[in-house]
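K.L.:
Sending over a structure as structure tokens; questions will come in a sec.
The values are calculated or read from the model by the stated rules, or taken from the named source; none is laboratory data. Note that this is a predicted model, so its numbers are computed, not measured. Methodologically, a virtual Cβ is constructed for each residue, glycine included, from the backbone with ideal geometry; neighbour enumeration extends over all protein chains shown.
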């Protein structure tokens, strides 16, 4: 499968009368990791959730602007959001495995989207767990509860679950913030592997993590993108004073 990128054009998000994201236009490249950084409440997670229309579920939330995948604006009213979320996977801050077996966590999505053949499901489960670097740890207990896994394993399972429906893009909202350093390192290694196939957008508060895992970085402040550039430039030669102040710890 060939990964694709996506872009936003003048994307704004409102909660009732409050504008949380202000006219953000960004391009996300295929087979790259883009990090979204900035202080708490700056709009980066709200922006991330907009990319696969998760904010549609929030009452009084209004989104304007465009979200482009290939030649289609998926922020239009005719978009099938179920299919959209199949193409754009989501990994949350805290692991959220289903109260099912390891196998059923992975098979649930493909089965929902029409795959019924047991052999095909077996192959998808194994392939997804291998891509998430979890197969060797779980292959002998696929029918045990996913809740018996450690926190780090559960997060890799959630990544495997998102991979199982063959997305083009994976969104990650602080995927390692609830994990210990060893599990965090495994997630970061996994991100480096996954970007060979997927366009990945990650929100992180961890400056070191952003520098380690991403190719490009966008710095958000009060709902706006202050600076967007190659990660090496953002962290070694930022063009805006606000960016420099943030990454050097002067605020945030």
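K.L.:
Would you be able to say whether some residue in the stretch 18-29 is more than 26 Å from residue 204 (Cα to Cα) and either in a loop (DSSP other than H, G, I, E, B) or modelled with pLDDT under 95 (or both)?
P.N.:
No; the residues of the stretch 18-29 include none that is more than 26 Å from residue 204 (Cα to Cα) and either in a loop (DSSP other than H, G, I, E, B) or modelled with pLDDT under 95 (or both).
K.L.:
How many residues are assigned to a strand (DSSP E or B), farther than 23 Å from residue 166 by Cβ and touching a helix residue (DSSP H, G or I) at 6+ places or on another chain (Cβ under 8 Å) if we restrict to the stretch 49-102?
P.N.:
Adding up the residues that qualify gives 2.
Quick grid of which residues meet (1) touching a strand residue (DSSP E or B) at 6+ places or on another chain (Cβ under 7 Å); (2) within 19 Å of residue 204 (Cβ to Cβ):
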| site | (1), (2) |
| --- | --- |
| 13 | yes, no |
| 33 | yes, yes |
| 59 | no, no |
| 63 | yes, no |
| 72 | no, no |
| 81 | no, no |
| 85 | no, no |
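K.L.:
Any residue in the stretch 89-106 that is more than 20 Å from the chain's Cα centre (by Cα) and at pLDDT below 95?
P.N.:
Checked the stretch 89-106: no residue is more than 20 Å from the chain's Cα centre (by Cα) and at pLDDT below 95.
K.L.:
I'm trying to understand the selection: among the residues of the stretch 157-187, which are without any contact (Cβ under 8 Å) to a residue 60 or more places away in the chain, assigned to a helix (DSSP H, G or I) and closer than 29 Å to residue 70 by Cβ?
P.N.:
Once the filter is applied, which keeps residues that are without any contact (Cβ under 8 Å) to a residue 60 or more places away in the chain, assigned to a helix (DSSP H, G or I) and closer than 29 Å to residue 70 by Cβ, the stretch 157-187 yields 160, 187.
K.L.:
Determine which member of the set 171, 157, 179 is at pLDDT below 95, under 30 Å from residue 135 (Cα atoms) and buried (at least 18 other Cβ atoms within 10 Å of the Cβ).
P.N.:
Details: 171 fails: at pLDDT below 95; 157 fails: at pLDDT below 95.
Going through 171, 157, 179 in turn, the sole match is 179.
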